[in-house]
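The values are calculated or read from the model by the stated rules, or taken from the named source; none is laboratory data. Just so you know, these numbers come straight off a predicted model, no measurement behind them. Because the Cβ atoms are built from the backbone with ideal geometry, glycine has one as well, and the counts that use them run over all protein chains shown. These area figures cover heavy atoms from the full protein model, side chains too; ligands, DNA and RNA do not enter into them. Shrake-Rupley method; radii C 1.70, N 1.55, O 1.52, S 1.80 Å.
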Amino acid sequence: MMVRNRFQSGWRHPDLGERGDVRIGSGAVRYFERGDGEPIVLVHGAMVNANLWRRVVPPLSKQFRCVTLDLPFGSHDTGVPHVDLSLPGLARLVVDSIETLGLSGATLLANDTGGAVAQLVVAQRPDLVGRLVLTSSDAYGDCPPAAFGFFKLAASVPGGLLPILAPMTVRSLRRLPIAQGWLTRRALPSHISDSYVLPAIRDRGVRRDLARVVTGLQSRHTLEAARHFDRFDGPVLVAWSREDRFCPPANAHRLTRDFPDARLEWIQDAYTLAPEDRPERVAALVSHFITTTETRVPHDR
């Protein structure tokens, strides 16, 4: 079935909370806030947006202050040509957001490409984060995962992404393994899937941003970050999808070993986007992790 004109650019689920915008450098980062208590900063990955966390935020917001960043990772609504979208640049966006919003010491919760970004954040600014939660994420030499090599190659060619993305206007094609089929075990609701896929198809500026995000994913950055994981002495939860098709379970074990204070929990019946497949499990793991670990007091660099 072809997508009709019901898609509204920039739509985000109301369960994420109240929208805000924080000025950072040459642009602004949108965020959504809901709840009170200890802060959690939620970071999504490439080709999704804040909607990824729409079913994780409501249960967590009963105990915690949830601040969900809505980042220009390829499913945003307006091009940001002057923003650095390399992997280190994306990490700086998160760092600047946390600092500007006064969230130093927050728990950083990340998924997929956002997990790679979070790894750079704690490697470079261990003083800024109280706890770290990594759900299935790019890591080590798998940034991006090998299966996305063709996508990265297309992104490096001017105009190369549109021929790959354009067929995704047909919703049934999104369940192919090269699209969302191996990212989620179940088909996404149409309006959510539209919010992920259509911005880069319909807006040239967003598509150019996506190309910069994808070509900027370099495993040398994640490998370098891994060399400095021992700088971060706060509690770490690695909550990995047991059946992940892209993020190897071996990386979950390795992350658990490489951080000084880390524990590993498996998420069953989920692929990479565990917040879509098992939001209740993700929320329960995060809640238990925060309530059973000491709050890490940020210190000066």
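Quick one: Cα centre-to-centre distance for region 138-182 and region 199-262, in angstrom?
17
What is the distance, in nm, between label points placed 7 Å from the Cα along the Cα-to-Cβ direction at Lys152 and at Asp96?
The modelled label-to-label distance comes out at 2.5 nm.
With the other protein chains left in place, how much accessible area per residue, in square angstrom, belongs to the chain at a 1.4 angstrom probe? Could the numbers behind the result be given before it?
Details: 12260 Å² over 301 residues.
Each residue of the chain exposes 41 Å² on average to a 1.4 Å probe.
What is the gain in length, in nm to one decimal, between Arg23 and Arg202 on full extension, counting 0.36 nm per residue of separation less the C-alpha to C-alpha distance?
On the way: separation 179, 0.36 × 179 = 64.44 nm, distance 2.57 nm.
Using 0.36 nm per residue and subtracting the Cα-Cα distance, I get 61.9 nm.
With unit charges on the beta carbons (Lys and Arg positive, Asp and Glu negative) and the dipole taken about the Cα centre of region 171-291, which residue among Ile267, Ile201, Val286 sits farthest to the positive side?
Result: Ile201, furthest along the dipole toward the positive end.
Given a cut-off of under 8 Å on Cα pairs at least six residues apart, what relative contact order in percent is computed for the chain?
Details: 644 pairs, mean separation 67.8, N = 301.
Value for the chain: 23 percent.
With point charges of +1 on the Cβ of Lys and Arg and -1 on the Cβ of Asp and Glu, referenced to the Cα centre of region 46-159, which listed residue (Ala46, Leu108, Pro58) lies farthest in the positive direction of the dipole?
Pro58
For an R0 of 41 angstrom, estimate the FRET efficiency from the Cβ-Cβ distance between Gln8 and Ser86 and round to the nearest 0.05.
On the way: r = 30 Å, r/R0 = 0.73.
Computed FRET efficiency for Gln8 and Ser86: 0.85.
Measure nothing but the geometry: give the 0 to 90° angle between the long axis through the Cα atoms of 190-202 and the longest principal axis through the Cα atoms of the chain, rounded to 10°.
Compared with the principal axis, the helix lies near 70 degrees.
Kirkwood hydrodynamic radius of region 129-199 from all distinct Cα pairs, in Å? Don't skip to the end; give the middle numbers.
On the way: mean 1/r = 0.0712 Å⁻¹.
After inverting the pairwise mean of 1/r, the radius is 14.0 Å.
So, R0 is 22 Å and r is the distance between the beta-carbons of Asp36 and Thr291; what FRET efficiency does that work out to, to 0.05? Please list the in-between numbers first.
Numbers: r = 15 Å, r/R0 = 0.69.
Result of the calculation: an efficiency of 0.90.
Compute the distance in nm between two label points, each set 7 Å from the Cα along the Cα-to-Cβ direction, one at Ser172 and one at Arg220.
4.5
Mind ordering 31-39, 78-86, 113-121, 133-141 by average Cβ neighbours within 10 Å, highest first?
Values: 31-39: 18.3, 78-86: 16.1, 113-121: 28.0, 133-141: 25.4.
In decreasing order of mean packing, 31-39, 78-86, 113-121, 133-141 become 113-121, 133-141, 31-39, 78-86.
Please report the base-10 log of the normalised intensity I(q)/I(0) for region 1-131, using a Debye sum with one equal scatterer per alpha carbon and no solvent, at each q in 0.19, 0.20 (1/Å).
Here log10 of I(q) over I(0) equals -1.07, -1.18.
To the nearest 20 Debye, how big is the dipole of the chain about its Cα centre, given +1 on the beta carbon of each Lys and Arg and -1 on that of each Asp and Glu? Can you show the working numbers first?
Working: 37 positive and 32 negative charges, 192 e Å.
Using Cβ point charges on Lys, Arg, Asp and Glu, the chain gives about 920 debye.
Return the carbon/sulfur percentage of the accessible area of region 121-232, one whole number, probe 1.4 Å, all protein chains in place. Don't skip to the end; give the middle numbers.
Working: 2670 of 4500 Å².
Ligands and nucleic acids excluded, carbon and sulfur give 59 percent.
Output ³J(HN,Hα) for region 223-238: one whole-Hz value per residue in order, computed from phi by the Karplus curve 6.51 cos²θ - 1.76 cosθ + 1.60 with θ = phi - 60°, and x for Gly and Pro.
For region 223-238, the Karplus-derived couplings read 5, 5, 4, 4, 5, 10, 4, 5, 5, 9, 9, x, x, 10, 10, 9 Hz, x marking Gly and Pro.
Considering amide H positions built from the backbone, and no H for Pro or chain starts, which residues 5 or more places from Phe64, or on another chain, come under 5 Å of its amide H?
Excluding prolines and chain starts, which carry no amide H, the hits are Asp36.
I need to check one value: relative contact order of region 51-185, counting alpha carbon pairs closer than 8 Å and at least 6 residues apart, in percent. Spell out each step's value before the answer.
Values: 97 pairs, mean separation 19.5, N = 135.
14 percent.
Taking square-rooted eigenvalues a ≥ b ≥ c of the alpha carbon gyration tensor, is the chain rounded, prolate or oblate, where a/c under 1.5 means rounded and, failing that, a/b exceeding b/c means prolate? Numbers along the way, then the final one.
Working: a/c = 1.40, a/b = 1.37, b/c = 1.03.
Rounded, since a/c falls under 1.5.
Going by the alpha-carbon gyration tensor, a ≥ b ≥ c the square roots of its eigenvalues, is region 220-301 rounded (a/c under 1.5) or, if a/c is not under 1.5, prolate (a/b greater than b/c) versus oblate? Present the calculation step by step, with values, prior to reporting the outcome.
Working: a/c = 2.36, a/b = 1.27, b/c = 1.86.
It is oblate, given that a/c is not under 1.5 and a/b is not larger than b/c.
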